[in-house]
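Heads up, the thing below is written out as structure tokens.
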Amino acid sequence: MEEELKCPVCGSLFKDPILLPCSHNVCLACARNITVQTPEGETPVQSRASGSSDYDYLDMDKMSLYSETDSGYGSYTPCQLKSPNGVRVFPPANHPRHCSLTCPLCHRSVSLDERGLRGFPRNRLLEAIVSRYQQNRRASASSSSTAVKCQLCDRNPVDAAVMCEQCDVFYCNACQQRCHPSRGPLAKHRLVPPPNHAAGVGAASGGGSGGQLPPATARKPATCVDHEAENFNMYCYSCKTPVCMKCLEEGKHAKHDVKPLAVMWKQHKCQISQALNAVSEKAKDAKEFLVQLKNMLQQIQENGVEFEACLVAQCDSLIEALTRQKAKLLTKVTKEKEYKLKVVRDQITHCTMKLRQTTGMMEYCLEVLKENDPSGFLQISDALIKRVTSSQDQWVKGALEPKVGPEFDLTLNTDSLLQTILQLDFCQVESGPSVPAAPLLQLEKCCTRNNSATLAWRVAAPPVSPIEGYILELDDGNGGQYREVYVGKETVCTVDGLHFNSSYNARVKAYNAIGVGPYSKTVVLKTSDVAWFTFDPTTAHRDIVLTNENQTVSCSSYDDRVVLGTAAFSKGIHYWEVRIDRYDNHPDPAFGVARINTIKDMMLGKDDKAWAMYVDNNRSWFMHNNSHTNRAEGGITKGSTVGILLDLTKHTLTFYVNKQQHGPTAFENLEGVFVPAVSLNRNVQATLLTGLELPQNTKQ
């Protein structure tokens, strides 16, 4: 966790940290060193004298201003300056009127206002964690009876006299003068007494060891930066920051969406806890994976020795004819072994580094969760939530799988004739007839569109027995049982009619005359959140005329004719609209949903397989099974829109005219599969609008 508590500029533990708009932290003193103020008509000395306190004093002689904008993030100019911690610092370019500061981590620049560095809130929560961490470290050092030794002495190391906070190395006086002089690039490193010397009164108040810090203690509530006499009591959802009541009454947050501070505090703590649980599971898997890799090293060593012994025995039996070929084959085995060892060692190194970073972040987050300061917590919680969530992305699919196996897929045939000895080479092990191996899903070709999913796969290697076909299985989109959706010889399959806004697990296996092989790895496919669809020309009545890529519908008959949509719904909440493009002679078109087999040569809703609202220029009715109910005043004209809200969570159907709910909830207790539907005659032309958000006045 110590890496989380070090300033990126000086490399030491944070001291008086301030929180930048990009959510990174720097020490207050470091912020002064990388910030410059050069107002017009004033010299650096004048600027210093005009400051109200040391808190907003800016060292004018060190760097020049760099921001190219008046506020927010601007551009930056890189240079060769580096902090003692090794982080490249991007100093600003000269500008006559502004002062600004560049974050040493993300290199984003932000302009300072008239308050200078006072405009940045102090990260009191981080400051408290650093303080507890230092107490814990001093207590741990004092509990040890063994003095810290110099780490660079060749023989018989003596007691360490100093420790470099940036290098994290202990030196005696002689080694410090020889290996770490206080000049050149090392001049800015901070040398401090070793922990056993620094331990004192703080040891009595320190907590335990092993990364667990003492419990957080309650502190005085934070006050507003703009209104120092006011405590934080609300949270601005728009600006992602705590605010006081005066900020809401007279400040820039007056018209923003705000929520109670305690509510947002609990909500963000819950989000971080949930994300930490997911990362913890990944870390657990990574630890088990490291054990697997370390065991594999031994297996590879043993198998390599065994292969070498077998190879030498076979080659020695052929003596003269095999002498030259033996050396070549031994080289191949050695290279294969070295390759596998190198790959596994590289994986161990890479996985260990990721696990250490994840563990440090988790410890830091746990300390943050112990804090009882809502405002301090909410200052960093948004960035911390994003960071914890995004840390799961580093454990991508396949990251916890060995890149090589411990087995050596090599064999040597010693039954060949003497004249073919010079052509000897390793060959793949051939086995008798068996079931096919697990197919490999081609993730780059697997995709979803609307409520359809396309999957593609291939065989890893040509099998001994020909593959007769494949079996594709999907679950129910809700983590339920798998079911077969395709059986055949093709290696690409598209599955239609899935639920919207659902995640499906898919897997495939192959079969031949011997039997059925194992399943492939599982791939997760998510369908669209909202439906995009058109009118369906294949099921429409013959008098229906579709144009505009099947988005616009009209009719050639004076009688009402029905046209259906291409989407079918059985789950979720869906909303679409129909815009009236032409409306002559006051007809009464109908809008709603229907079964796929509804009657299409009369008004929608006259049979028991459709639920609709028909409307003219003055009023409307709901209709199902030729039953008319709930007359409502208000009709449609050219340019009007009719909205249909199908809520299969509540099993209801509601209608809207020009974005406003029209009448009460039309139908309830809807079960099954429903298709969007419209009925009209030649006096009406309408256009379908899909992929829309739910109406704002919808009650969820």
In this structure, does Phe667 turn out to be under 28 Å from Val545 (Cβ atoms) and surrounded by 13 or more Cβ atoms within 10 Å (Cβ to Cβ)?
no
So in region 384-425, with the set limited to residues that are in a helix (DSSP H, G or I) and of a type in the set (D, E, K, R), which one is modelled with the lowest pLDDT?
Asp393
Mind telling me which of the residues Ile380, Ile385 ends up being within 30 Å of Met264 (Cα to Cα), touching a His at 6+ places or on another chain (Cβ under 7 Å) and not polar (S, T, N, Q)?
Ile385
What about Asp608, is it assigned by TED's automatic domain parsing to the domain that holds Thr566 and closer than 19 Å to His541 by Cα?
yes
Region 175-196: number of residues that are touching an Asp or Glu at 6+ places or on another chain (Cβ under 9 Å) and not in a helix (DSSP H, G or I):
5
Looking only at region 230-277, count how many residues are in a helix (DSSP H, G or I), over 29 Å from the mean Cα position of the chain (by Cα) and over 21 Å from Leu20 (Cα atoms).
5
Give Lys294, Lys328, Lys340 a once-over and let me know the one that is at pLDDT 85 or above and either among the hydrophobic types (A, V, I, L, M, F, W, C) or out of contact with any helix residue (DSSP H, G or I) (no Cβ under 6 Å at 6 or more places or on another chain) (or both).
Lys294
In region 496-515, what residues are at pLDDT 90 or above and either more than 14 Å from Val435 (Cα to Cα) or among the aliphatic types (A, V, I, L, M) (or both)?
Tyr504, Asn505, Ala506, Arg507, Val508, Ala510
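The rows are residues; the columns are (1) crowded, with 19+ Cβ neighbours inside 10 Å; (2) within 22 Å of Phe569 (Cβ to Cβ); (3) within 28 Å of the chain's Cα centre (by Cα).
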{"site": "Asn478", "(1), (2), (3)": "no, yes, yes"}
{"site": "Gln481", "(1), (2), (3)": "no, no, yes"}
{"site": "Leu498", "(1), (2), (3)": "yes, yes, yes"}
{"site": "Asn501", "(1), (2), (3)": "no, yes, yes"}
{"site": "Tyr511", "(1), (2), (3)": "no, no, no"}
{"site": "Ile514", "(1), (2), (3)": "no, no, no"}
{"site": "Ser528", "(1), (2), (3)": "no, yes, yes"}
{"site": "Phe535", "(1), (2), (3)": "yes, yes, no"}
Any idea which of Glu281, Glu336, Glu288 is surrounded by 18 or more Cβ atoms within 10 Å (Cβ to Cβ) and either touching a residue at least 12 places away in the same chain (Cβ under 8 Å) or in a helix (DSSP H, G or I) (or both)?
Glu336
For region 343-353, state whether one or more residues are modelled with pLDDT of 85 or more, of a type in the set (A, V, I, L, M) and touching a helix residue (DSSP H, G or I) at 6+ places or on another chain (Cβ under 6 Å).
yes
Being at pLDDT 85 or above, out of contact with any Lys or Arg (no Cβ under 8 Å at 6 or more places or on another chain) and farther than 30 Å from Val9 by Cβ is true for just one of Cys153, Cys179, Cys172. Which residue is that?
Cys153
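Each row is one residue, and each column tells you yes or no for (1) among the hydroxyl-bearing types (Ser, Thr, Tyr); (2) within 29 Å of Leu680 (Cα to Cα).
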| residue | (1), (2) |
| --- | --- |
| Glu468 | no, no |
| Asp475 | no, no |
| Val487 | no, no |
| Val530 | no, yes |
| His541 | no, yes |
| Tyr558 | yes, yes |
Do we find a residue being in contact (Cβ under 8 Å) with a residue 12 or more places away in the chain, polar (S, T, N, Q), touching a Pro at 6+ places or on another chain (Cβ under 9 Å) and surrounded by fewer than 14 Cβ atoms within 10 Å (Cβ to Cβ) anywhere in region 624-636?
no
Residue by residue through region 540-564, note down the ones that are touching a residue at least 60 places away in the same chain (Cβ under 8 Å) and under 18 Å from Asp607 (Cβ atoms).
Ala540, His541, Asp559, Asp560, Arg561, Val562, Val563, Leu564
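The values are calculated or read from the model by the stated rules, or taken from the named source; none is laboratory data. Note that the structure is predicted; figures quoted are calculated from it, not measured. With ideal geometry, Cβ positions are generated from the backbone for all residues, glycine too; neighbour counts draw on all protein chains shown.
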